[in-house]
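The values are calculated or read from the model by the stated rules, or taken from the named source; none is laboratory data. Because the structure is predicted, anything quoted here is derived from the model rather than measured. For neighbour counting, all protein chains shown are included, and Cβ atoms are generated from backbone atoms with ideal geometry for every residue, glycine included. The protein model used for the area step is the full one, side chains on, heavy atoms only, and it has no ligands, DNA or RNA in it. Shrake-Rupley method; radii C 1.70, N 1.55, O 1.52, S 1.80 Å.
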Amino acid sequence: MIKTINGTSGPYRFLFYIEQNYSFAILRPLQQVAKAEGNEVAWLLVGDEVSPTFLADDEVALVDVAAAVNYQADAVFVPGDRVPAFIPGLKVQVFHGLNESKRGNVYPERGLFDLYCTEGHERSATLQAQANKRGYFQVQETGWLKLDSLFNYQCEQTWPRPQILFASTFSPTLSCAEAVYEQIKLLSQSDQWHWLITLHPKMDHTTVAKYRALENANLSFFENDQVIPLQHRADLMVCDNSSVFQEFLLLKKPVVTVNNRDPQACFINITEPEKLADAIELGLNPSHELLAAIAQYGPSVTPYLDGQSAPRVLKVVSDILQRGWQDKKPKNVYRNFQMRQKLNYWKW
């Protein structure tokens with residue numbers, strides 16, 4: 001029997017399907033709101049790149065994919081780009097990053113999801129055009145879930161010297177981790193700044209080990225699940241083409257990029273690692289023009305900067321379920337076969 005809790009219908013069973021550790025920060029705002037509304041939440045951790053050690057004490061993880069099938073979720077939330085059709089429930093894509101120009105702003109819709117919860121008009125428009133043609137999925141603008149974690153995080157501690165956050169993506173063609181290593185090694189010998197290092201979970205292990213080995217009184221290394229606390233702690237970010245610097249800009253803080261493929265007025269881009277120190281000084285003493293460009297950046301990416309995206313996602317999903325949703329989308333046979341192989345699940 002359906003009952004109404006604070007304007008949404010339920011209770012429902014929700015499954016969080018994740019393959020990367022950074023997905024915890026994306027989905028936790030939704031977990032908090034969903035459980036507060038009386039719904040049930042379980043996690044399915046898939047693959048070797050997501051660790052159960054990141055689960056909180058009060059979070060429930062299912063033991064395997066068979067348990068996820070038996071869980072009979074009403075909706076499955078996915079920050080990645082794939083989810084198997086054989087797991088029951090409305091398949092909801094909530095994305096692992098903001099819309100990225102380096103991907104041409106067109107999400108590769110492959111028949112795996114029923115609902116796309118987007119962060120802004122640009123991604124909504126491209127997906128809605130596909131939805132109008134294909135007819136088997138919906139697009140709703142809700143804002144990006146991770147921004148709830150970003151904007152609602154409370155950081156009260158202060159530090160006596162500037163905190164410089166270095167974050168890098170893993171792709172060799174997009175990453176600056178190797179290019180700036182010697183400069184960061186050199187700069188971390190000085191106590192002028194304190195370096196905070198976090199690298200993409202798919203980063204080459206050799207590169208990760210090199211940065212770990214730099215730890216000293218002026219440089220600390222952190223796992224990727226600490227990105228949000230680090231963003232609040234840092235005064236400036238050094239990055240490359242990783243989407244994480246977009247989040248940092250939403251906090252209205254300066255960014256220095258190295259070899260960014262699409263330099264913009266809202267951040268400082270350099271092409272020579274030897275200029276890193278000078279660029280950091282510019283960022284720590286920003287011009288009025290840079291500050292104005294940073295202020296304009298957030299609304300240009302997403303209008304949902306209120307830290308309330310999770311309630312909007314929950315409302316959209318609850319409305320769809322309340323209308324008696326049934327799975328009518330076509331099955332992507334090839335990709336579902338790939339997922340069956342990966343998950344070693346052959347029950348039909």
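In segment 33-75, which residue that is touching a residue at least 60 places away in the same chain (Cβ under 8 Å) and under 17 Å from the mean Cα position of the chain (by Cα) is least open to solvent (accessible area, probe 1.4 Å)? Across segment 33-75, the extreme among qualifying residues is Val46. For segment 316-324, the condition of being touching a strand residue (DSSP E or B) at 6+ places or on another chain (Cβ under 7 Å), open to solvent by 40 Å² or more (accessible area, probe 1.4 Å) and in contact (Cβ under 8 Å) with a residue 24 or more places away in the chain holds for at least one residue. Would a scan of segment 203-216 turn up a residue that is crowded, with 22+ Cβ neighbours inside 10 Å and in a strand (DSSP E or B)? No, segment 203-216 contains no residue that is crowded, with 22+ Cβ neighbours inside 10 Å and in a strand (DSSP E or B). Considering only residues of segment 106-160 that are in contact with a strand residue (DSSP E or B) (Cβ under 6 Å, 6 or more places away or on another chain), part of a helix (DSSP H, G or I) and open to solvent by less than 20 Å² (accessible area, probe 1.4 Å), which is nearest to Leu314 (Cα to Cα)? Checked segment 106-160; the qualifying residue nearest to Leu314 (Cα to Cα) is Ser124. For segment 219-293, the strands (runs of 3 or more DSSP E) that sit wholly inside it and include 1 or more residues that are in contact with a Phe, Trp or Tyr (Cβ under 6 Å, 6 or more places away or on another chain) and of a type outside the set (Gly, Ala, Ser) are 219-221, 236-239, 255-258.
Identify all residues within segment 139-171 that are over 16 Å from Asp235 (Cβ atoms) and of a type in the set (Lys, Arg); write none if there are none. Listed by number, the list holds a single entry, Lys146. What's the number of the only condition in (1) touching a residue at least 40 places away in the same chain (Cβ under 8 Å); (2) open to solvent by 10 Å² or more (accessible area, probe 1.4 Å); (3) of a type outside the set (Asp, Glu) that Pro84 fails to meet? Against the list (1) touching a residue at least 40 places away in the same chain (Cβ under 8 Å); (2) open to solvent by 10 Å² or more (accessible area, probe 1.4 Å); (3) of a type outside the set (Asp, Glu), Pro84 comes up short only on (2).
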